[in-house]
Amino acid sequence: MKIFLICPVAKITPDEEESISKYVSLLEDNGNTVHWPLRDTKQDDPTGGLTICRTNFQAILDADEIHIWYNETSGGSKFDMGGVFMLTEMLGVKKRIVIPNKAEVKDDAPKSFFQVIKHLEKKTF
């Protein structure tokens, strides 16, 4: 199975990177192919981010599942989540959505990006 992992890159903390790395290893140890942007998308981008966005969106299109390591402060993650929303909600592209760190997210807002992503996850199980 091909999995794209939406997660923080630019402002990732060492603890978060370690947790995500363990999660990616678990997925790969189970025979999955994971596109982890921190590792698999070249971050040195002279186009100012355009190439990063294209690389990630192509990998999202190619993936069977989208896993979202939710971090409210990650701007790149929000951009990628917006693309996934467009694909699944507006264009009807079928992708299973998984939020591996859902239990760790503190969000009781009546409306938020996290609420939207939880809706997408429920819809795809």
Consider H119 against the criteria (1) outside any loop (DSSP other than H, G, I, E, B); (2) of a type outside the set (D, E, K, R); (3) within 19 Å of E16 (Cβ to Cβ); (4) modelled with pLDDT under 95: it satisfies all of them except one. Which criterion is unmet?
-> (3)
Inspect region 44-63 for any residue being over 21 Å from K2 (Cβ atoms) and in contact (Cβ under 8 Å) with a residue 12 or more places away in the chain and give the result as yes or no.
-> no
Scanning region 25-65 for residues that are within 14 Å of G76 (Cβ to Cβ) and among the aliphatic types (A, V, I, L, M) gives L38, L50, I52, A59, I60
Scope region 90-123; condition over 23 Å from P37 (Cα atoms) and either within 12 Å of the chain's Cα centre (by Cα) or not basic (K, R) (or both); matching residues | M90, L91, G92, D107, D108, A109, P110, S112, Q115, H119
Taking region 33-66, which residues are touching a helix residue (DSSP H, G or I) at 6+ places or on another chain (Cβ under 8 Å) and among the aliphatic types (A, V, I, L, M)?
-> V34, L38, I52, A59, I60, L61, I66
Among the residues of region 10-37, write down those that are of a type in the set (G, A, S) and closer than 21 Å to L61 by Cα.
-> G31
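The values are calculated or read from the model by the stated rules, or taken from the named source; none is laboratory data. In this text, all values refer to a predicted model and were calculated from it rather than measured experimentally. A quick note on method: Cβ atoms are made from the backbone with ideal geometry, for glycine too, and the neighbour counts reach across all protein chains shown.
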